[in-house]
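Trainee: This is the structure, below, for whatever I ask next.
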Amino acid sequence: MLTTAWPWLAFAASLIFLLALGVPIAFAMGFCALGMLFVASNVPLTVAVVHAFSTLDSYVLVSIPFFMLSGQILNLPSTGAVLEEFVASISRRFRGAPAFGAVMTCLFFGGITGSSAAEAAAVSKTVLPTLNRIGYPREFSAAVLATASTLGILIPPSITMIIFGAIAEVSVPRLFLAGVVPGFIGAATMAGYAVWRARRLPMQELVIEAGPSVGADGRRRLPLFVRMLPILGMPVILMGGIYSGIFTATESAAVLVIYAAIVAIFIYKDRDPLHLGNALRDCFIGTMTIYALVMGASLFGFSATYLGLPQMISRAIQEMNLSGWQFLLALNIIMLVAGMFIDGLSLLLIILPVMLPAAKALNIDLYHLAVVMTVNIEIAVLTPPVGLNLFVLSKAADVPLERLIRAIIPFIVLMFVLLMVFSYVPILSTWLPRAVEF
């Protein structure tokens, strides 16, 4: 066990150097972790590698490709067109309604994909064209969608929660429940702010002039709602299957893919082999990216545990006599700063293993901790220079990154406020998972 922090500073410097060279973070974490073990211990490196591979041998992690594939299926052309038309149908009755509809669509996608990046890519194709036709400034539309897409990290099913549960050995269905109340509070706050901003934009919403595809009247809404019913059944199947005890979270994800494929192929007629192949390809790439990150973080976690980093941090916290609220404040500061340079999932995989023992020692509820860390990750995907959602929406909306960053600053401030609320009002995160029995 190491008793000094200097080797860990060398580890951090090596990691930053490799990232600056453009080495993917999964490989950078793995190489640095193996280097630490080689230099500072006698443990065979093969033991660490076997441990990393065994981390992927997890029943919980099997659900990740299923959730990602179900989201890709929703993004097929005909299926996505139904979602776009439904969003357009609610853009007539009051000024700001399209912005409200965009946030609600992100809320729905978040309940299917479980991934912020996947959700941002999906809604950029289905919702962004409608907002553009209505006449919203492109940077405003992109900022709304980039922020609301972070709901995919918090609203169940959440890939972040799945990985948190696998590392912390906490019930994933109960982690899903922990994100429900904060997720809906965040959605309501984002929707209210987006509508408020939209009503003050120096433009007139071109709803009537944009034609029937945008300004659908009440007579068209009912048929559109009926057409949406098969898609609306997906969250019902997912959550109902889990909490009724019929399926585990992983089994429910697999059933969701089968249901989504039946709906897309037989109801919405998305049968083009090219489009189906692209969905499978994107799912494969996304899944392999996540699994590579998990393996790299597993190597880091193994070396950190073997060399005593969690114990070192716990001892330092005890010596500083930090209270629970001070620990959460320090955690938020660390994650907010690191999130500017590290993508959200990597942030979780690096910080959780070393902070978990200290959180347990301070009796911080792990459901509460999961929500706090998840909201930090939501902010990380919005903050430059590595904010993934910024790049996705900047490209999709054809908006220069600088203009998008300026437009998204008020939304980031709003996320900071929500982070403070969720950090220091723990009952919002802990009530539901403690109250529900299944």
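The values are calculated or read from the model by the stated rules, or taken from the named source; none is laboratory data. Owing to the predicted nature of the structure, the values given are computational and were not obtained by experimental measurement. Note that each Cβ is placed from the backbone with ideal geometry, even for glycine, and that neighbours are counted across all protein chains shown.
Trainee: Which members of segment 400-411 meet the condition of being surrounded by fewer than 20 Cβ atoms within 10 Å (Cβ to Cβ), among the β-branched types (Val, Ile, Thr) and touching a residue at least 60 places away in the same chain (Cβ under 8 Å)?
Mentor: none
Trainee: Kindly check whether there is at least one residue in segment 316-327 that is more than 24 Å from residue 414 (Cα to Cα) and among the charged types (D, E, K, R).
Mentor: yes
Trainee: Within segment 38-59, which residues are surrounded by 15 or more Cβ atoms within 10 Å (Cβ to Cβ), closer than 28 Å to residue 159 by Cβ and among the aliphatic types (A, V, I, L, M)?
Mentor: Across segment 38-59, the qualifying residues are 48, 49, 52.
Trainee: Taking segment 259-294 on its own, how many of its residues are within 18 Å of residue 76 (Cα to Cα) and part of a helix (DSSP H, G or I)?
Mentor: 23
Trainee: Taking segment 396-419 as the search range and keeping residues that are charged (D, E, K, R) and part of a helix (DSSP H, G or I), which one is modelled with the lowest pLDDT?
Mentor: Among those that are charged (D, E, K, R) and part of a helix (DSSP H, G or I), it is 402.
Trainee: In addition: If you take just the helices (runs of 4 or more DSSP H) that sit entirely in segment 100-154, which of them hold at least 1 residues that are of a type in the set (D, E, K, R), more than 15 Å from residue 185 (Cα to Cα) and at pLDDT 85 or above?
Mentor: 138-148
Trainee: How many of the residues making up segment 28-46 are out of contact with any Gly (no Cβ under 6 Å at 6 or more places or on another chain), touching a residue at least 40 places away in the same chain (Cβ under 8 Å) and either on the phi > 0 side of the Ramachandran plot or assigned to a helix (DSSP H, G or I) (or both)? Give the steps one after another, and end with the answer.
Mentor: Residues of segment 28-46 that are out of contact with any Gly (no Cβ under 6 Å at 6 or more places or on another chain), as a first pass: 28, 31-46.
Next, from what is left, pick out any that are touching a residue at least 40 places away in the same chain (Cβ under 8 Å): 28, 32-34, 36-37, 40-41, 43.
Next, only the ones that are either on the phi > 0 side of the Ramachandran plot or assigned to a helix (DSSP H, G or I) (or both) stay: 28, 32-34, 36-37, 40.
The total comes to 7.
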